[in-house]
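So the structure is just underneath, and the comments pick up after that.
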Amino acid sequence: MEKNKNAKSFIDLAKRRGFFWQSSEIYGGTSGMFDYGPLGLLLKRKLINKWREFFVKQEDNVYEIETSLIQPEKVFDASGHLKSFIDPVTQCKKCNSIFRADTLIQEKTKKFVEGKEPEELTKIIKENNIKCPKCKGELSKVKVFNLMLKTFLSPTEEEIAYLRPETAQGIFVNFKRILVATRAKLPFGVAQVGSSFRNEISPRQFIIRLRAFNQMEVEWFVNPKEINKHPRFKEVENIKIRILTREAQKENGKEITLTTKEAVKKGIVPNQYLAYFLARETQFFQSIGLPFESIRFRHMLPEETPHYSKGNFDLEIKFDFGWKETVGNAYRTDYDLKSHMKKSGVDLTLRLDDETKIIPHIIEPSFGIERPIYGILLYCYRDGKKRGWEWFAFPPNIAPYSAGVFPLVNKDGLQEKAKEIFKLLKKHFDVFYDDSGSIGRRYARADEIGTPFGITIDYDTMEKNTVTLRHRDTTKQDRVKIEDLVKIIYQLIHS
Ligand code: GAP
């Protein structure tokens, strides 16, 4: 990665070119909510496609579903979110501002306090004389605040419901239906892509901590007796992964690099299933432009591990502001199915071939969408020193547009020919047409939004049916036949 002089220039560029903007901006904007503009939406779609290719299509039996964004209170009573999906908050007694207590303490003392009880956090605030960051007022006792966004389903407001805080619960409550409809046999996965909502106390860092965001989750249902026998582990056993162990977090904070096979053998990762996904995620993030050193898996400490998990190895990306979780990898065991079975009274067991009934265990790789996008923008950003303009070096398979089409001049039939080629390419790829300004300016604008290929129509095109194909990364140009263009671009995108 070229070093960014101004750490946030990649965000400025993305905003200027219309990747995203704040939601309801004309009314002053709403914190924690962003809207995707044309380029951001294309990038998001490409990311989802790439994720589907890796985690759905390349697996043997993953079923995709799409469930309701709103679910009744009973679902979250059973899942434990009503009781445990909480953050500690403290309020300024003078200006009434509310802060997330653990984050505030961490910022002031540099100590890791996530997962500590409210009483303990109150004590730390007192002992360290932490005051309101806004007005220096005294802070209240720490209380807990549920992160789910509540709504009501009836005009009398009797029926309470919540916007889902994860897509996963939609999968668990449909487990029986999915089993019957697909006749799936263990191990199998159920995937879901969609929005989730959390009433974050202090949304921050652009698209990193949002109140409305998107997730790509797969719940893998596994026979607990076979949790250490992933059928395709051999394919990834020599893939290197970087792990920050619990011990290292207390000692030197340094990651270790080892193969997934070694990680399982040494007991660093508890089972083959989790290790398999750590390897696949390492491959995935490299394929979308993030260097190996920019990702690591942190074994969450017991006190911060989510209520449903027996152990989390979260993929963290090294962002410009520090390391941050981007994929949660949880061993959810039979926690969710068991709780829903108990509360709903519906049998959620599965019959094995030998007729025994079991509740499968769940391994869950849970991706956010906005954090990977932030990572892609950060690591693909190139400053303007060499070229005279800033640009994004997106890998061709996730670039919003695959190509731009440019007539060299706007006369002698070149525009008409360029539009013909644009129409041809549009059938296969996301492409744009641009005939305004000098060709140099048009290349610069295409680079700025990370377009990997530029197709220029010139006088030779009219005579020989060839165009120039400009490669964004090298700025080199090839002469290619129009009849070969689709095939060549396809190969370049998928190479
Ligand atoms: N089903 C498990 C689950 O939701 P999580 O670790 O809470 O696990 C998974 O969330 C991913 O969703 C995170 O790694 C992150 O990428 C994304 N995510 C969670 N909360 C978010 C927020 N407030 N804003 C943006 N992305 C968020």
Open item on the list: If a residue must be surrounded by 14 or more Cβ atoms within 10 Å (Cβ to Cβ) and within 12 Å of the ligand (Cβ to nearest atom), how many such residues does the range 298-322 contain?
Closed with: 14
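Here are some residues: Ser339, Ser366. Which one is within 16 Å of the ligand (Cβ to nearest atom), open to solvent by less than 30 Å² (accessible area, probe 1.4 Å), touching a helix residue (DSSP H, G or I) at 6+ places or on another chain (Cβ under 9 Å) and closer than 30 Å to Ile288 by Cβ?
Ser366
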Open item on the list: Tell me whether the range 150-157 contains one or more residues that are under 27 Å from Ser309 (Cα atoms) and surrounded by 15 or more Cβ atoms within 10 Å (Cβ to Cβ).
Closed with: no
- [ ] Output the residues belonging to the range 373-402 that are of a type in the set (Gly, Ala, Ser) and in a loop (DSSP other than H, G, I, E, B).
- [x] Gly384, Gly388, Ala393, Ala399, Ser402
TODO: Provide a single number: the residues in the range 323-336 that are of a type in the set (A, V, I, L, M, F, W, C) and either within 28 Å of Ser9 (Cβ to Cβ) or away from the ligand (no atom under 14 Å from the Cβ) (or both).
DONE: 2
Open item on the list: Among the residues of the range 378-398, are any under 30 Å from Gln205 (Cα atoms), open to solvent by less than 20 Å² (accessible area, probe 1.4 Å) and within 16 Å of the ligand (Cβ to nearest atom)?
Closed with: yes
Task: Criterion violated by Lys386 - all others in (1) touching a residue at least 24 places away in the same chain (Cβ under 8 Å); (2) closer than 28 Å to Arg16 by Cβ satisfied - done: (1)
Open item on the list: Report every pair of residues separated by at least 6 positions or lying on different chains whose Cβ atoms are under 7 Å apart, first residue within the range 208-232 and within 12 Å of the ligand (Cβ to nearest atom), second in a helix (DSSP H, G or I) and open to solvent by 40 Å² or more (accessible area, probe 1.4 Å).
Closed with: Ile208/Arg371
Task: Within the range 185-207, considering residues that are in contact with a Phe, Trp or Tyr (Cβ under 7 Å, 6 or more places away or on another chain) and not in a strand (DSSP E or B), the one farthest from the ligand (Cβ to nearest atom) - done: Leu186
TODO: State the number of residues belonging to the range 233-265 that are out of contact with any Ser or Thr (no Cβ under 8 Å at 6 or more places or on another chain), more than 27 Å from Phe112 (Cα to Cα) and exposed (fewer than 15 other Cβ atoms within 10 Å of the Cβ).
DONE: 3
Open item on the list: Looking at Ile160 and the list (1) closer than 23 Å to Pro72 by Cα; (2) open to solvent by 20 Å² or more (accessible area, probe 1.4 Å); (3) within 16 Å of the ligand (Cβ to nearest atom); (4) touching a helix residue (DSSP H, G or I) at 6+ places or on another chain (Cβ under 8 Å), which single condition is not satisfied?
Closed with: (3)
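The values are calculated or read from the model by the stated rules, or taken from the named source; none is laboratory data. This structure is a prediction, so every number in the text was calculated from the model and none was measured. Please note: Cβ atoms are built from the backbone with ideal geometry, for glycine as well, and neighbour counts cover all protein chains shown. The accessibility values were calculated without ligands, DNA or RNA, using every heavy atom of the protein model including side chains. Shrake-Rupley method; radii C 1.70, N 1.55, O 1.52, S 1.80 Å.
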